[in-house]
1. Could you tell me which residue of segment 123-173 is most open to solvent (accessible area, probe 1.4 Å), considering only residues that are assigned to a loop (DSSP other than H, G, I, E, B) and farther than 30 Å from Gly339 by Cα?
2. What pairs come out if I take residues in segment 324-335 that are in a strand (DSSP E or B) and pair them with residues that are charged (D, E, K, R) and open to solvent by less than 10 Å² (accessible area, probe 1.4 Å) whose C-beta lies under 7 Å away, six or more apart or interchain?
3. On the basis of being of a type in the set (Val, Ile, Thr), outside any helix (DSSP H, G or I) and either open to solvent by less than 20 Å² (accessible area, probe 1.4 Å) or in contact with a strand residue (DSSP E or B) (Cβ under 9 Å, 6 or more places away or on another chain) (or both), does Ile303 make the cut?
4. Go through segment 265-304 residue by residue and tally those that are among the charged types (D, E, K, R) and free of Cβ contacts under 8 Å to residues at least 12 places away in the same chain.
5. Of the conditions (1) out of contact with any helix residue (DSSP H, G or I) (no Cβ under 6 Å at 6 or more places or on another chain); (2) touching a residue at least 24 places away in the same chain (Cβ under 8 Å), Arg415 fails just one. Which one is it?
6. Yes or no: segment 259-273 includes at least one residue that is within 21 Å of the chain's Cα centre (by Cα), of a type in the set (S, T, N, Q) and surrounded by fewer than 17 Cβ atoms within 10 Å (Cβ to Cβ).
7. So Arg283 fits all but one of (1) part of a helix (DSSP H, G or I); (2) more than 30 Å from Leu59 (Cα to Cα); (3) touching a helix residue (DSSP H, G or I) at 6+ places or on another chain (Cβ under 7 Å); (4) open to solvent by less than 30 Å² (accessible area, probe 1.4 Å); what number is the exception?
Amino acid sequence: MSPDHSQAPVLDALAEYHATGQLAFGPPGHKQARGADPRTREVLGDAVFYSDVLAFGGLDDRRARSRVLERAEHLMADAVHASHTFFSTCGSSLSVKAAMLAVAGPHEELLIGRDAHKSVVSGLILSGIRPVWVDPRWDADRHLAHPPSADDFEQAFAAHPDARGALVTSPTPYGSCADLRAIADVCHRRGRPLIVDEAWGAHLPFHPDLPAWAMDAGADVCVTSIHKMGAGLEQGSVFHLQGDLLEPALLKTRADLLGTTSPSVLIYAALDGWRRQMVQHGRELLDRALKLVAQTRAAIEDIEGLHVNDRADFCGAGLADDLDPLPVVIDVSGLDTTGYRAADWLREHRSIDVHLSDHRRINTQLTYADNEETANALVDGLKALAAAAPELRPGPQVHVPAPEQLRMEQKCLPRDAFFGRVEDVPLREAPGRVAAEMLTPYPPGIPAVLPGELLSEPVLRYLHSGVRAGMYVPDAVDTGLETVRVMVGPSE
């Protein structure tokens, strides 16, 4: 019998909590907004506090006998064709770490696309897993990485037959996608699981004209951020499981190692409500979104100096296998400026915040929440940007290395470098030393330098010139990159 997707167990339980007038003598201490600062209540509104209750001993009883969360997770799994789903209120940064820890242990190998998010590297540092890096497909003309191919993973497994599994990021923050079914086949021929970091793909299961999503493509674990392309609150993430290569209880225990014991019911409720919305209305919502994004892409392409990257730019031999059209990636190099300057100008002069920016692009992602009004505001803002281009040029030069210069030798485990003896040295003295920190342009949050990598002059020059041009590297000890943290010891 099919589950009833008109239900929303978390939201229903929250409504009952309010209706029965539960009186709490436990956390949270604001006690249904009564103790909250009036100035805070004025900005946030009381609804936030009214819905901020304990998950257990509040929303559900202390033994979770109403199975509120379990029922909500079961409905989510059914909605996206997974066998099991787990909610996370700590974002996909937690979810992907839990998946990694369920697949491999300390000093065991895991194949990982080198375009992975910094949360994956954090998982390596915490776990002691030994990464086997699989290089992405690099577009040397556009200076952009696309997910590795199935052949890339095949070769990596051939060289590392003891690897416990593989992890690939798809879609990327730029919307480019891997052939997940082919990669899953490579893994499954060896009895190894595939983890897909699909943080940017929450919408994919709900429309046939979008790229295939991980569970339908045969992946074993899929991590999805509902707050990115869905309608969840920030930090709302889910991870899905199918097949018999990983035990659900094992995945849950790994998540429990990292997760909070005080989960946000607000985030649970938004996840639950989004699932119901998408099952009941997702197809029509995404129909409208796809039509709107097609119109918006065409309107932006007509603006002189701007080019919207499309399938012809991102897909093909040696590039991505598919493309999600909702991230509207705009090349601004025709304006003779950088994406950093374009993003700053749009925020300052048009109150428009773009998703990400780099040395030549901005990404202005659309979702089904957008409409003609917001799309028109974006197009008008971009027209104004093009008109203002003379004051933004010339854009500072960013020294992007050739593909063969981007990859640096991994001299030791990220964990060993991160927790080893370290020192901070001037940037000019860092080439030839072993990095002891991540250096990650953000967004999108893909590290250019990992702990344990042998630093090279081209990569450091790229980062330093990027920071001078407006790049943000928040995880560096010295965010200005005048100094770099390196190892002191035998790994050098």
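1. Asp162
2. Val329/Arg361; Ile330/Arg361; Asp331/Arg361
3. Yes, satisfied.
4. Total satisfying the criteria: 4.
5. All conditions pass for Arg415, except number (1).
6. yes
7. Here Arg283 meets the rest and fails (4).
Results for (1) charged (D, E, K, R); (2) open to solvent by 30 Å² or more (accessible area, probe 1.4 Å); (3) outside any helix (DSSP H, G or I); (4) modelled with pLDDT of 95 or more, shown as yes or no for each residue.
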position: Met1; (1), (2), (3), (4): no, yes, yes, no
position: Asp52; (1), (2), (3), (4): yes, yes, yes, no
position: Arg62; (1), (2), (3), (4): yes, yes, yes, no
position: Arg65; (1), (2), (3), (4): yes, yes, yes, no
position: His74; (1), (2), (3), (4): no, yes, no, yes
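The values are calculated or read from the model by the stated rules, or taken from the named source; none is laboratory data. These numbers were taken from a predicted model, which means no experiment stands behind them. Ideal geometry is used to build each Cβ from the backbone, glycine not excepted, and the neighbour counts take in all protein chains shown. Accessible surface areas use protein heavy atoms only, side chains included; no ligands, DNA or RNA. Shrake-Rupley method; radii C 1.70, N 1.55, O 1.52, S 1.80 Å.
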